[in-house]
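Participant: This is the structure I have questions about; it appears just below.
Every number in this text was worked out from the coordinates using simple rules, so none of it is lab data. Being a predicted model, the structure only gives us computed values, none of them experimental. Here Cβ is always computed from backbone atoms with ideal geometry, including for glycine, and neighbour counts include all displayed protein chains.
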Amino acid sequence: MNGPDDTPDDVARAPRIPGPRAAADDHADLTADLTAHLAADPAAGPAPEGVTAGTAETTAEAAAGPSADAAEPPEEPVLAVAPAPPPPPPHSVLKSLLGAWALSACSPEETQAVEDHLTECAPCADEALRLRDAVALLHSERDLDLDPLLRSRVLENCLGRRPARIPVPAWATPYDAETARLDALLRDIGESEWHAPVRLKWFEGERPVTRKTTVAGVIGHLLTVDGLVSSALGLDDPLGPKATAVTPVERTEEYWRGSFHPPTRGVREPWREQSHTLIRTVSFAGRGVADLTVTYGDFALPMRDSLLERAFECWVHADDIANAVAYPYEPPSGAHLHGMIDLAARLLPAALADRRRAGLASPPRELVAAGAPGRSLHLEVEGSGGGHWYIALDSPAAVGSPDHAVAQVAMDGVEFCQLVAGHIPPEEAAAGQDGDREAIRDVLFAAASLSRL
């Protein structure tokens, strides 16, 4: 028998009990365990196919585990924990932000906080809706078309910062502005709209007259009449050097009958180039050019009044074109409109005298010496560009005076200009009348007689 401390040889040689098996799909670990088992017990049989001696040794070393001298096991990785989101602002703070939110003045974080709050707080949601509606009332709806006065305002701002070396004379700025506005309209219309029908209206004698043309025909009309100003400045006449027509009507008819007819959108370029040349020429010519005479056949105007009259015609016909193509168009600026009204008021005594010579107006009531005050009509023009004028009734050389006013007419500024353009009947023009009815009728019909083709 063996003593208690003796161990039988077969027990000493028994293989150690292997550790737990790896998962069935982990083939590398399963092969390592099997190889280590066969190395410890050669009687267990040959190594499986594909397992070499080197592989078995390496696998056995791996199965034996780390040695005592091995380094300490690596530290377990520390998982990053996301910080908790900050608590939302209190109700009082979010409520105070509703006004800024309605105006889109909050930061992105504030906007998100307010909108999250609105989904949970019905009173704040109602208040936010009322504030948004109120903000919408502060912004009037506008069309996408550019403001026709934008160019003038930009130029005014630029010239205010750095004055032009050769500035445009103040009396020429209405023509510059109105031609620029009309050109902006023409740039916006399509090819087919250049042939849209336009009905021109004016007043002759005691009745209104109309003439049908096209958008291109209207620009041709402006081109030929502006040519009278060009000729007075020594520039080229758009009708050519052999043109014989003198009055605006004759020149327009010659243009429409000539090789230029029917005009197309190609007329825009020479018209715009001519307007640029006119402005450039009067700007470089100096002060004397303002008094240069421009002849229109049966009447004449100094250059300063001629360009103001051309600015008026440009606006009136631009409005005709805008109505024909359904385009929004605003009146001139207040300062320019005032100048146009002032020119018409200064021309009214002579127009009234012409009607008297034609037997279309009542005779004068008083014999007035040159320069002496006679009877007057008080013309009160309201609105933008308005003012007060006293029209001499008995002599074109007389000076109107408030002390001798026998009648008064009150009108809107744009309405008065429409009367002068022959676009509304004299009987329907005045908004308010007081005093001598015969004098009022004579002045209103004289204003309409200032119109022409």
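Participant: Summing +1 for each Lys or Arg and -1 for each Asp or Glu, what net charge is found among the other residues whose Cβ lies under 12 Å from the Cβ of residue 419?
Facilitator: Within the 12 Å Cβ shell, the charges total -3.
Participant: Let me ask something additional. How far is it, in nm, from the label point at residue 427 to the one at residue 170 when both lie 7 Å from their Cα along the line to the Cβ?
Facilitator: The modelled label-to-label distance comes out at 4.3 nm.
Participant: Where in the stretch 271-301 does the amide nitrogen come within less than 14 Å of the point 7 Å from the Cα of residue 236, taken along Cα to Cβ?
Facilitator: 271-278
Participant: How would you rank 201, 242, 212, going from fewest to most other Cβ atoms within 10 Å of each one's own Cβ?
Facilitator: Ranking 201, 242, 212 by Cβ neighbours within 10 Å, fewest first, gives 242, 212, 201.
Participant: Can you work out ³J(HN,Hα) from phi for every residue in the stretch 391-405, in order, using Karplus 6.51 cos²θ - 1.76 cosθ + 1.60 and θ = phi - 60°, giving whole Hz and x for Gly and Pro?
Facilitator: Those phi angles translate into 8, 5, 9, 9, 7, x, 8, 6, 10, x, 9, x, 6, 10, 6 Hz.
Participant: At a 10 Å Cβ-Cβ cut-off, how would you order 321, 279, 166, fewest neighbours first?
Facilitator: The order, fewest Cβ neighbours first, is 166, 279, 321.
Participant: Related question: So, how do all the Cα-to-Cα distances of the stretch 336-448 break down into 5 Å bins, in percent, from 0 on up?
Facilitator: Reading the bins upward from 0: 2, 13, 25, 27, 20, 9, 3, 0.
Participant: Using unit Cβ charges (K, R positive; D, E negative) and no other charged atoms, how large, in debye to the nearest 20, is the dipole of the stretch 154-330 about its Cα centre?
Facilitator: 360
Participant: While we're on this one: Report the full-extension gain for the segment residue 109 to residue 135: residue separation times 0.36 nm, less the Cα-Cα distance, to one decimal in nm.
Facilitator: Taking residue 109 through residue 135 to full extension adds about 7.2 nm, to one decimal.
Participant: Kindly put 277, 252 in sequence by how many other C-beta atoms sit within 10 Å of each C-beta, fewest to most.
Facilitator: Starting with the residue having the fewest Cβ neighbours, the order is 277, 252.
Participant: A follow-up question, please. Which listed residue (373, 401, 390) has the Cα farthest towards the positive end of the charge dipole for the stretch 336-448, taking +1 on Lys and Arg C-beta and -1 on Asp and Glu C-beta about the Cα centre?
Facilitator: After comparing all options, I get 373.
Participant: Same structure, new question: In nm, what is the difference between 0.36 nm times the number of residues separating residue 298 and residue 342 and their Cα-Cα distance?
Facilitator: Gain on extension, residue 298 to residue 342, equals 13.7 nm.
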